[in-house]
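Comments concern the structure below.
The values are calculated or read from the model by the stated rules, or taken from the named source; none is laboratory data. Because the structure is predicted, anything quoted here is derived from the model rather than measured. Here the Cβ positions follow ideal geometry from the backbone for every residue, glycine too, while neighbour counts run over all protein chains shown.
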2 protein chains.
Amino acid sequence: MTDILASAQTLKPMLEPRGIAVLGASDDPTKIGGVPLRYFREYGYEGGIYAVNPTRDTVQGLPAYKSVTDIEGPVDMAIMAVPARLAIETAEAAAEKGVKALCTFTSGFAEIGEEGQRAQERLAEIARDTGMRILGPNCLGYFNARNHVYATFSTSLSHGLPKVGNVGLVSQSGAFGSHCFVLGRERGLGYSACITTGNEVDISVAECIAYLATDEHTDVIACYMEGCQDGEMFKQALALAYENKKPVVIQKVGRSAVGTEAAASHTASLTGADQVFDAVFERYNAYRANTASELIDIAYMCSGMCQSGTIPSGNKVAIATISGGAGVMMADAAEEAGLDLAPLPDKTQAYLKELVPFAGTRNPVDFTAQVYNDYSVITKNFEAILEEGGYDAVIGFFSSLLYSDTVSQKVLDSLIPVRKAYPDRVLALSVIGPDQRKRDFEDEGFLLLHDPSEAMKTISAVLQIGAGLARGPYPPAGGATPPAIENRSYNEIEAKAVLDAAGIAASPEKLAGTAAEAEMAAAEIGYPVVMKVVSADIVHKSDVGGVKLNLSSAGAVRTAYDAIMTDCTRAHPDAKIDGILVAKMISGGVEAILGVQRDPVFGPVVMFGLGGIFTEVLKDVTFRLAPFGEEEAMDMIRSIKGFPLLDGARGAAKCDQAVLAKTLSRLSVFADANRDVVTSIDINPLVVLPEGDGVAALDAVILTE
Amino acid sequence: MTDILASAQTLKPMLEPRGIAVLGASDDPTKIGGVPLRYFREYGYEGGIYAVNPTRDTVQGLPAYKSVTDIEGPVDMAIMAVPARLAIETAEAAAEKGVKALCTFTSGFAEIGEEGQRAQERLAEIARDTGMRILGPNCLGYFNARNHVYATFSTSLSHGLPKVGNVGLVSQSGAFGSHCFVLGRERGLGYSACITTGNEVDISVAECIAYLATDEHTDVIACYMEGCQDGEMFKQALALAYENKKPVVIQKVGRSAVGTEAAASHTASLTGADQVFDAVFERYNAYRANTASELIDIAYMCSGMCQSGTIPSGNKVAIATISGGAGVMMADAAEEAGLDLAPLPDKTQAYLKELVPFAGTRNPVDFTAQVYNDYSVITKNFEAILEEGGYDAVIGFFSSLLYSDTVSQKVLDSLIPVRKAYPDRVLALSVIGPDQRKRDFEDEGFLLLHDPSEAMKTISAVLQIGAGLARGPYPPAGGATPPAIENRSYNEIEAKAVLDAAGIAASPEKLAGTAAEAEMAAAEIGYPVVMKVVSADIVHKSDVGGVKLNLSSAGAVRTAYDAIMTDCTRAHPDAKIDGILVAKMISGGVEAILGVQRDPVFGPVVMFGLGGIFTEVLKDVTFRLAPFGEEEAMDMIRSIKGFPLLDGARGAAKCDQAVLAKTLSRLSVFADANRDVVTSIDINPLVVLPEGDGVAALDAVILTE
């Protein structure tokens, strides 16, 4: 963790610069080189501001420097807005001046092809050699709202500054980062800083996340990303945010086939398989948002909760409405989002019925439009729900009431005491109305959500984040050091043997070279057994009589041995036969598939799913980053749709989940230890036997480099 | 269809009244009895307006009548806003006056319990006996925007009148109907009429849908509902809208367990099983929205398309953005929504590369921020996409550009020629910005969507509706008249026989009373066969040796006969044994489950799913209303997640889908013909054999009343 911490610290001069230069400063305050100069001055940046432009005497009224090296005062950060052909020499001059961070708007690098790629590599070299950090190139810049460093040419700041707050936003895409910023601003979200990373020649999304994870003004981190170059650094950044108990919400695009293709052509780089990102986010409690609205809504909720208290870790939610219909709809959405709509205690229900005789009181609570006759009913309802029901979150639906000044104020007055009394609970309202009235509610600590159904999804996301923060990181994988394997090919028997040694139980088996050896092996293993020819030259073993099942006696084993030899030799006269495998005949249990793939960015990843249609037709599989412990493995097992089959569905015996979890963990440790050699592992099937009976890998393939 | 048409016509005087009376009119323009009187006068209703209040001389400046019967002029519609205790006499007086429609705000009926239920029944009687239509009671009223009939006490009209347009909104819930109305108004949606139906003592959601389906000013019908009392009428209403080619979007709540419970307590009535509604909507091309935002967004899009052209019937969509990142994100959402993001033709891509060398041109098209240097690039991109790509819909992402006056106007100018040239395509824009600028775009025929990901879902919904409209209603079920069954119990053999006669092929089988009969039966059926004891007294037949599989010879059949008899008699000495069933041994194929359930509201419903885990663990089943033809059955088959198993997944043979579809259709016809007697049918399993080999019902249970 020391690496990422040190690395994050080097971004500080960029976010808190003592002096700023604009290289390629423009006199026109609407041009790329003019906009930030205008922002710094208009919006009150208090350090030194220097314009560099060799062709002018003044820029926007400021004296112009010929070169950045001519500036006397300290320049921690410089914006580079020069044409691409001048970029390298300008960057070199900035490094010479001692600039700590270069924010590079200039485009014409990797995104335009080979020539640009070469220039970008030169930029990378300058960063490496001089220690000057480079943001971009081809980026939209960044801002730090607290000290008015608006180092961007985005026009989105022309039509409204952000509210200063506790959300840090990082985006690889400039255009989309700016979009999310405006979305949040419209939503009343308060920002600490926003950073766009563009081509990421040096500063990555990961480092920005790490910076925000250590920034005292940032409580919540929101991120938009398309891919990642350095998996290790990204993991460390997320781990740092997790340790520092900061909620992280990430929109990673490129989930679909078309999307992935578009992303590849957009970023022109290796980005890691999309499903692997799910595994990364899962590990570090980062919530994956699917839409920009979700990203901003969840950040907004987390932001509010971090300000007023903490995010609750439970999952128990109450709904209170002025419309029974809305209550039903929200209950639908709550169930779908996995929230626990536990009913109110009986005595609370009786009390609420006293307040409004025709109220729905179970949960959802429908206090009906009667509240307009007596607003204290709202206070009493919310207080009773929170005090006696012990809910983690309450959401009130008040429709379009904010359109009326009088009603709006009365509802707000009735709710303020509730907010004050329960600062540690989520208190959300689904309302529509004019922006100013919404702000009135927000100023008193209420969190406002627009659509009542989407609101339930948002609340579920926030509570999931809260649960993850409360639980803390998974304990690391333990256990013995796994065997190291060589960079050569392994046949099935060798593969199963090495995996068995690593803690992945193979079915008992022995290789026999004669009928007598087969008989001895069977006696040792215990009947019934199966027998299978071992030969690299025979692929479809069953088709040529190379497999015999369910053999229950010594005689049957002898007969089978001879029959297999005869049939296989007849079918494949030239095949080299290594012998015949005698193995325990396994019956019962549930077939699972375990796999390892080596992701180019994140290294070995373990896959788990059930056999047959589950994996092949329903794509019901899950991934986790290697290595992981049994607790994470258990979550992995529970996360597949077919889990009921392992849990005693349809009257079957419950499977040995504990041993399965241990097996997955051992596989992940093995894969991690051999990450430099192993490219993939496929254990198919691994039979999960009834509780107490463990598991048995029936077949395994290990591929090395 | 004549019933529903005639019934819909009787709502005309309510929506287009020649004169209006307010019964229980209040002098206070903010009270329930005062608000509509104010609305009628302020908002320009042009017919006679009469205030009835026996305790006053004037009401809001109008002369007050003692009774509705004192009014001389015609009163087509009267609002009833009197206390519950006066409701019956007031309704009677209205009927006496010849009022055609009574809009009943008064509450205190079925929603308060038994006493209210009795009063409500009396109201129903008045409607039935006099022909006066009654809306409500306990409703929020309705409005017809075109003739300024704002017959509601909802305050939502105080803060803004609706735009007059082509969307009719119907809601069972007053509060939520009003909420949706405001949502739509904020969204710029134009309304023809909005109706809330409350307790539905007389006028139902179905009739309102039917009315709007025949209303020349309504193109699109949006509906919120919690349940339905008269399934037949509801089906007829949806069929009418479908025939008249009007898009219907419905939010039906109560999908979840908690939601259903809350709905039941809220509406206090039988509402039909939720999944059955899916079947109803599917049949009549009504799109089911899950959230209020979805309801309004889809209605908005359909509204716009109906105004400018028609809704396209294809599924081919192009995305054009100023942000590559947004393009990737939208591609993800498009794929998830099932849209076809076909790539642009090569020559079009080459042309777009000429315009912007670094553009992404495949689809999504990323014309990059370069367009700000030359706005004609926007025009050229959209034209090329539409002209050469043949897309049904194009969506442009322009982020927050509407915040700049200049940019906004230039983009609009660049897009107007495109809108004019392609009126029949969906042309949507995902933008954020000030409301007024959004209106500028909408006035030129552009459809605006907020979140770019949600936009893809909305477009998919609209295109699905368009495809359904183009395809038209399913052809009805054909085929021979099925056998009628008696109201008695049927054993397995009888059940399979009657279903076989109805067209649901059973596996060949015969009941044998002696070993010789069994041998003859087997010879007739063809080997191999299975044999099974037939006795109502023996439940677990396999456990006592009552089942023998895979018998391949006459000898084996004889031996099996004797063994079954001996074993079963020993295990159950007192059992009455009807004989032994000899049946064809079926191997291979895919096991399906077919069922019939009789829904209290919609009658017999056919269920289809695959056997085992698919139905029991994954709940992968689908429902359709009986009867239906083979085309609808085929859609039913394709709609389950496990469909690949029937379609040759994992290298298996493709199953006989045609015969399966025919079987489902025959089952639906049989269930419909016997709807008064049959309560449920369970065919489990029905084996679907490889193409050409048909299906075989292996077991069947029919339950009668």
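For the range B:324-338, taking the residues that are more than 7 Å from every other protein chain (Cβ to nearest Cβ) and either charged (D, E, K, R) or not in a helix (DSSP H, G or I) (or both), the one that is surrounded by the fewest Cβ atoms within 10 Å (Cβ to Cβ) is identified as B:Gly338.
Enumerate the pairs (first residue in the range A:507-528 and within 15 Å of A:Thr559 (Cβ to Cβ); second residue anywhere and of a type in the set (Val, Ile, Thr) and surrounded by fewer than 18 Cβ atoms within 10 Å (Cβ to Cβ)) with beta-carbon separation below 9 Å, excluding pairs fewer than 6 apart on the same chain, so at least 6 apart or on different chains. Cβ pairs passing all conditions: A:Ala515/A:Thr559. Residues being buried (at least 20 other Cβ atoms within 10 Å of the Cβ) and among the small types (Gly, Ala, Ser) are entirely absent from the range B:645-659.
Condition check ((1) crowded, with 24+ Cβ neighbours inside 10 Å; (2) in contact (Cβ under 8 Å) with a residue 60 or more places away in the chain; (3) part of a strand (DSSP E or B)) across all residues:
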| site | (1), (2), (3) |
| --- | --- |
| A:Phe382 | yes, yes, no |
| A:Ile385 | yes, yes, no |
| A:Glu388 | no, no, no |
| A:Tyr391 | yes, yes, no |
| A:Phe397 | yes, yes, yes |
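The set of residues from the range B:13-58 being in a helix (DSSP H, G or I) and within 23 Å of B:Glu72 (Cβ to Cβ) comprises B:Pro13, B:Met14, B:Pro36, B:Leu37, B:Phe40, B:Arg41.
Is it fair to say B:Ser542 is touching a residue at least 24 places away in the same chain (Cβ under 8 Å) and either out of contact with any Pro (no Cβ under 7 Å at 6 or more places or on another chain) or within 21 Å of B:Val701 (Cα to Cα) (or both)? The answer is no for B:Ser542.
Taken over the range B:172-193, residues that are away from chain A (no Cβ under 14 Å) and either under 30 Å from B:Glu125 (Cα atoms) or out of contact with any strand residue (DSSP E or B) (no Cβ under 9 Å at 6 or more places or on another chain) (or both) amount to 1.
Taking the conditions exactly as written (within 14 Å of another protein chain (Cβ to nearest Cβ) and over 19 Å from A:Leu295 (Cβ atoms)), does B:Leu429 satisfy them or not? When the stated conditions are applied, B:Leu429 passes them. Can you find a residue that is away from chain A (no Cβ under 13 Å), in contact with a helix residue (DSSP H, G or I) (Cβ under 8 Å, 6 or more places away or on another chain) and not hydrophobic (A, V, I, L, M, F, W, C) anywhere in the range B:355-375? So far as the range B:355-375 goes, yes, one or more of its residues are away from chain A (no Cβ under 13 Å), in contact with a helix residue (DSSP H, G or I) (Cβ under 8 Å, 6 or more places away or on another chain) and not hydrophobic (A, V, I, L, M, F, W, C). If you go through the range B:589-604 one residue at a time, do you hit one that is over 50 Å from the mean Cα position of the chain (by Cα) and β-branched (Val, Ile, Thr)? Within the range B:589-604 (the criterion being over 50 Å from the mean Cα position of the chain (by Cα) and β-branched (Val, Ile, Thr)), the answer is no, since none of the residues qualifies.
For the range B:214-271, the tally of residues that are modelled with pLDDT of 90 or more and either of a type in the set (D, E, K, R) or not in a loop (DSSP other than H, G, I, E, B) (or both) stands at 32. Scanning the range B:579-623 for residues that are surrounded by fewer than 20 Cβ atoms within 10 Å (Cβ to Cβ), within 14 Å of B:Met636 (Cβ to Cβ) and within 12 Å of chain A (Cβ to nearest Cβ) yields a total of 1. Listed conditions (1) outside any strand (DSSP E or B); (2) more than 20 Å from the chain's Cα centre (by Cα); (3) of a type in the set (Asp, Glu) are all met by B:Glu631, apart from (2). When restricted to residues that are more than 12 Å from the chain's Cα centre (by Cα) and closer than 16 Å to B:Asp278 by Cβ, the range B:243-256 contains 3.
Summed over the range A:542-577, the residues that are under 24 Å from A:Leu686 (Cα atoms), touching a strand residue (DSSP E or B) at 6+ places or on another chain (Cβ under 6 Å) and not in a strand (DSSP E or B) give a count of 1.
Of the residues making up the range B:496-510, those that are of a type outside the set (Asp, Glu) and crowded, with 16+ Cβ neighbours inside 10 Å are B:Lys496, B:Ala497, B:Val498, B:Leu499, B:Ala502, B:Gly503, B:Ile504, B:Ala505, B:Ala506, B:Ser507, B:Pro508, B:Lys510. Output yes when any residue across the range B:53-68 is within 30 Å of B:Glu216 (Cα to Cα), modelled with pLDDT of 95 or more and not β-branched (Val, Ile, Thr), and no when none is. Within the range B:53-68, not a single residue is within 30 Å of B:Glu216 (Cα to Cα), modelled with pLDDT of 95 or more and not β-branched (Val, Ile, Thr). Counting only residues that are hydrophobic (A, V, I, L, M, F, W, C), touching a helix residue (DSSP H, G or I) at 6+ places or on another chain (Cβ under 6 Å) and more than 15 Å from B:Ala78 (Cα to Cα), the range B:90-127 holds 2 of them. Look at the range B:567-581: where a residue is more than 19 Å from B:Ala516 (Cα to Cα) and in the same structural domain as B:Ala521 (by TED's automatic domain parsing) and a partner is of a type in the set (Val, Ile, Thr) and surrounded by fewer than 15 Cβ atoms within 10 Å (Cβ to Cβ), sitting 6+ places away or on another chain with Cβ atoms under 9 Å, you get B:Ala575/B:Thr569. Screening B:Thr155 with (1) surrounded by fewer than 20 Cβ atoms within 10 Å (Cβ to Cβ); (2) away from chain A (no Cβ under 11 Å); (3) within 23 Å of A:Pro434 (Cβ to Cβ) gives one miss only, at (2). The residues in the range B:88-109 that are within 21 Å of A:Pro357 (Cα to Cα) and either crowded, with 24+ Cβ neighbours inside 10 Å or more than 14 Å from chain A (Cβ to nearest Cβ) (or both) can be counted, and the count is 3. When only residues in the range B:624-635 that are among the charged types (D, E, K, R) and crowded, with 19+ Cβ neighbours inside 10 Å count, which is nearest to the other protein chains (Cβ to nearest Cβ)? Once the filter is applied, the top-ranked residue is B:Arg624.
Table: residues versus (1) modelled with pLDDT under 95; (2) surrounded by fewer than 23 Cβ atoms within 10 Å (Cβ to Cβ); (3) within 13 Å of another protein chain (Cβ to nearest Cβ); (4) within 28 Å of the chain's Cα centre (by Cα).
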residue	(1), (2), (3), (4)
A:Leu402	yes, no, yes, no
A:Asp413	no, yes, no, no
A:Ile416	no, yes, no, no
A:Arg419	yes, yes, no, no
A:Gly433	yes, yes, yes, no
A:Gln436	yes, yes, no, no
A:Met456	no, no, yes, yes
A:Ala467	no, yes, no, yes
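Which one is farthest from A:Ala697 (Cα to Cα), of the residues in the range A:518-539 that are touching a strand residue (DSSP E or B) at 6+ places or on another chain (Cβ under 9 Å) and either surrounded by fewer than 17 Cβ atoms within 10 Å (Cβ to Cβ) or of a type in the set (Lys, Arg) (or both)? Within the range A:518-539, the match that is farthest from A:Ala697 (Cα to Cα) is A:Met520. Taken over the range A:620-647, the residue count meeting the criterion of being among the basic types (Lys, Arg) and in contact with a strand residue (DSSP E or B) (Cβ under 8 Å, 6 or more places away or on another chain) is 1. Determine whether the range A:379-397 contains at least one residue that is of a type in the set (A, V, I, L, M) and within 12 Å of chain B (Cβ to nearest Cβ). Within the range A:379-397, none of the residues are of a type in the set (A, V, I, L, M) and within 12 Å of chain B (Cβ to nearest Cβ). Scanning the range B:662-705 for residues that are among the aliphatic types (A, V, I, L, M), assigned to a helix (DSSP H, G or I) and crowded, with 21+ Cβ neighbours inside 10 Å returns B:Leu664, B:Leu667, B:Val669, B:Ala671.
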